[in-house]
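Just so it is clear, none of the values below were taken in a lab; they were calculated from the coordinates. Predicted model only: the values in this text are computed from it and were never measured. Because the Cβ atoms are built from the backbone with ideal geometry, glycine has one as well, and the counts that use them run over all protein chains shown.
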There are 2 protein chains.
Amino acid sequence: MKRLKQRILDEATVIGTEILKVDNFLNHQVDVEFLTEIGAEFYKRFGQEEVTKILTIESSGIAVACMTAPFFKTPVIFAKKIESRNLVDDTYSSEVYSYTKDKSYRVHVSRNYLSAQDKVLIIDDFLANGKAVQGLIDIVNQAGARLVGVGIVIEKGFQDGGNQLRKSGVKLESLAIISVMNEQEIIFKNGDPLRGE
Amino acid sequence: MKRLKQRILDEATVIGTEILKVDNFLNHQVDVEFLTEIGAEFYKRFGQEEVTKILTIESSGIAVACMTAPFFKTPVIFAKKIESRNLVDDTYSSEVYSYTKDKSYRVHVSRNYLSAQDKVLIIDDFLANGKAVQGLIDIVNQAGARLVGVGIVIEKGFQDGGNQLRKSGVKLESLAIISVMNEQEIIFKNGDPLRGE
């Protein structure tokens, strides 16, 4: 998605080789008009399939999912993060390891809101190691629901999550895939017309 | 807001005398179409004033704020919760005590996204003791910005937060104010046409 890549080049800050800050429009300040364009793009990529629920994870997935859902005319479910060992009844749950925080937490979705009849599109802001998305897929499977696909705003293509998902046959659509980033440059995946300088 | 009160009566679960679960449309599963009606209602109540930023707090305020912002054509900023003693540079921050969790956390907003030129509408899903909203107001004041008002979906009118805000002169608009709730009934504030049975 060209305009997204341009905004990443113009507005993102890279810290070290792992952290991409897009607080200006995605993760802290939210440009809802731009996120509506992102939602339209997800609809272009997944709208030919029937989707009954959009599933995301708190917190920063919520905004993208909410601006995407009106195109699909579905509710959003945001999985709740609860640190391990806090048991919650009547949920599907999965353990997720966070590399950035070096700890595990569980994500929970109430059994009331996902069932075997559901066709689920997972939406999230970032994909890196893919552990959060794998936790959500685990929950979709526990519910016996069908996974339609995974829509990601920014994929860190230099980490392994995206490739693992593609290999496992998941329909993954990432609107921007970064292959190299550091404090000097951001380079998108081959074939993309935009490059950092 | 009549339809909101009806949905609370039809769909909410009261646990004890303090917890109102509206996971079906607001806090876990999000009915984005209904939240757009809620956004329209906030616009009816605050749209006559100039608003440049909508400020909320992660996680469950994000969905409501995002579905409200398109009416005002403003970005959303969601304050980040970080447990006390994690210092973060270049932010406005305020300490918030959570009664439900019996611990304090700090909320942070980057100095890049709020300034003395801003006219801020605070939006949140719930108001009870009002500590979270007071933390956000503190941040608005630190930025030297002007507080236009506070829009709340559900106010627990039997707790003190709303009255304290009104007494301090804040323009507070709560779309449903609950005066009594328990496992048998939910009663809205006097003058509201709907009552639980």
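Can you tell which of B:S168, B:S110, B:S98 is farther than 23 Å from B:G16 by Cα and loosely packed, with under 15 Cβ neighbours inside 10 Å? Give the derivation first.
Values: B:S110 fails: loosely packed, with under 15 Cβ neighbours inside 10 Å; B:S98 fails: farther than 23 Å from B:G16 by Cα.
The match here is B:S168.
Please find, among B:A69, B:A79, the residue that is small (G, A, S), outside any helix (DSSP H, G or I) and either at the interface with chain A (Cβ under 9 Å from one of its Cβ atoms) or farther than 23 Å from B:K156 by Cα (or both). Let's see the steps before the verdict.
Working: B:A69 fails: outside any helix (DSSP H, G or I).
Checking each option against the conditions leaves just B:A79.
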Inset, instruction - Considering every residue within the range A:29-36, establish whether at least one is of a type in the set (A, V, I, L, M, F, W, C), under 23 Å from A:G157 (Cα atoms) and in contact with a Cys (Cβ under 8 Å, 6 or more places away or on another chain). - result: yes
Inset, instruction - Give, as residue ranges, the strands (runs of 3 or more DSSP E) completely inside the range A:105-197 that count at least 3 residues that are more than 23 Å from A:A79 (Cβ to Cβ) and out of contact with any Asp or Glu (no Cβ under 8 Å at 6 or more places or on another chain). - result: A:172-181, A:186-188
Inset, instruction - Tell me which of these B:E49 doesn't satisfy, since it passes every other one: (1) within 13 Å of another protein chain (Cβ to nearest Cβ); (2) farther than 29 Å from B:E183 by Cα. - result: (1)
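Can you name the residue in the range A:46-55 that is under 12 Å from A:G151 (Cβ atoms) and buried (at least 16 other Cβ atoms within 10 Å of the Cβ) and, of all such residues, is nearest to the chain's Cα centre (by Cα)? It would help to see each step written out before you state the result.
Going through the range A:46-55, the residues under 12 Å from A:G151 (Cβ atoms) turn out to be A:46-47, A:49, A:51, A:54-55.
Narrowing further to those that are buried (at least 16 other Cβ atoms within 10 Å of the Cβ): A:46, A:51, A:54-55.
Working: A:F46: 14, A:V51: 16, A:I54: 11, A:L55: 9 Å.
Filtering the range A:46-55 for residues that are under 12 Å from A:G151 (Cβ atoms) and buried (at least 16 other Cβ atoms within 10 Å of the Cβ), the one nearest to the chain's Cα centre (by Cα) comes out as A:L55.
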Legend entry - Leading residue by the ranking (surrounded by the fewest Cβ atoms within 10 Å (Cβ to Cβ)) among those in the range A:25-37 that are out of contact with any strand residue (DSSP E or B) (no Cβ under 9 Å at 6 or more places or on another chain) and without any contact (Cβ under 8 Å) to a residue 24 or more places away in the chain: A:E33
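For (1) part of a helix (DSSP H, G or I); (2) of a type in the set (G, A, S); (3) in contact with a helix residue (DSSP H, G or I) (Cβ under 7 Å, 6 or more places away or on another chain); (4) within 26 Å of A:V96 (Cβ to Cβ), each residue gets a yes or a no:
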{"residue": "A:D10", "(1), (2), (3), (4)": "yes, no, no, no"}
{"residue": "A:V14", "(1), (2), (3), (4)": "no, no, no, yes"}
{"residue": "A:L26", "(1), (2), (3), (4)": "no, no, no, yes"}
{"residue": "A:L35", "(1), (2), (3), (4)": "yes, no, yes, yes"}
{"residue": "A:I38", "(1), (2), (3), (4)": "yes, no, yes, yes"}
{"residue": "A:Y43", "(1), (2), (3), (4)": "yes, no, yes, no"}
{"residue": "A:Q48", "(1), (2), (3), (4)": "no, no, no, no"}
{"residue": "A:V51", "(1), (2), (3), (4)": "no, no, yes, yes"}
{"residue": "A:L55", "(1), (2), (3), (4)": "no, no, yes, yes"}
